[in-house]
Amino acid sequence: MISPWDRWYTTSCCLCCHVRTGTIVLGIWYMLINAVVLLILLSALNDPVQYHYHLTSTELGTDLDVMDDANMCIAAAISLLMILICGMATYGAYKQHAAWIIPFFCYQIFDFALNTLVAISVVVYPNTIRDYLQQLPATFPYKEDLMSTNTVCLVFAVLLFISCILAFKAYLIACVWNCYRYVGSRGTTEVFVYVTTNDTTVLLPPYEDAVANPPKEPPPEYNSA
């Protein structure tokens, strides 16, 4: 019986690329995004007057700083950590080290779980969408049109959007997992044992292959009468 992991296992992604290539491209893409975010955060910390965004009391009913220096430092540290994790995944896929891919895979699972919780909260508490729209600035485009839309339509649109994101994230998780399995399987199957004597060097297969496929005995010699 084929297990579900083996049933969905494949070495190709996006219909043409190898899972190693897909994981490397995905890791580089995540690194670029987090590098841009880190650059913006560091620029904001360096020049807080230019990048400081402040919502007035007429927009939210109270003065509120969107992000202070402590939160920006935490966000910068998270972006730096994400660059490290994505770099480890890229290096692990390129050099075929399966253990280096695990942190990035765990991050994908965590991100997928958070988005799933968001979708569940939208279903359980549909009024949170209108509360979020009311907190947006008055200059936000199409805010009045969104506020006048029926709640059921808003919930359906948000759930459809989140479902597309979850499906795409699940596909990326499958690609990274298949890359991990591919790299891990190559690391176990490409193990050979060298037995060196005074005259020759013999290349032996792994112990598991030798036990599973024992050498066949030669046929008996033919003795002519």
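The values are calculated or read from the model by the stated rules, or taken from the named source; none is laboratory data. These figures come from a predicted structure and were not determined experimentally. Cβ sites come from the backbone with ideal geometry, for glycine too, and all protein chains shown count toward neighbours. Each accessible area value is taken on the protein alone, full model and side chains, heavy atoms only, with ligands, DNA and RNA left out. Shrake-Rupley method; radii C 1.70, N 1.55, O 1.52, S 1.80 Å.
Looking at this structure, is Ala98 open to solvent by 40 Å² or more (accessible area, probe 1.4 Å) and either touching a Cys at 6+ places or on another chain (Cβ under 6 Å) or more than 27 Å from Val36 (Cα to Cα) (or both)? Lay out the reasoning, then the answer.
Numbers: open to solvent by 40 Å² or more (accessible area, probe 1.4 Å): no; either touching a Cys at 6+ places or on another chain (Cβ under 6 Å) or more than 27 Å from Val36 (Cα to Cα) (or both): yes.
No, not satisfied.
In contact with a Phe, Trp or Tyr (Cβ under 8 Å, 6 or more places away or on another chain) and at pLDDT 60 or above: which single residue out of Asn178, Asn127 fits that description?
After ruling out the rest, the residue left standing is Asn178.
Give the residues of segment 131-177 that are open to solvent by less than 40 Å² (accessible area, probe 1.4 Å) and under 28 Å from Cys106 (Cβ atoms), sorted by residue number.
Residues satisfying the conditions are Ile162, Leu166, Leu172, Ile173, Cys175, Val176.
So how many residues does segment 128-142 have that are under 18 Å from Val155 (Cβ atoms) and aromatic (Phe, Trp, Tyr)?
Going through segment 128-142 one residue at a time, the tally reaches 2.
Within segment 115-130, can you find the residues that are open to solvent by 80 Å² or more (accessible area, probe 1.4 Å) and assigned to a helix (DSSP H, G or I)?
The answer is Leu117, Ile120, Val123, Val124, Asn127.
Looking only at helices (runs of 4 or more DSSP H) that fall completely inside segment 16-89, which ones have 2 or more residues that are at pLDDT 90 or above and closer than 17 Å to Phe104 by Cβ?
Filter on segment 16-89 gives 19-46.
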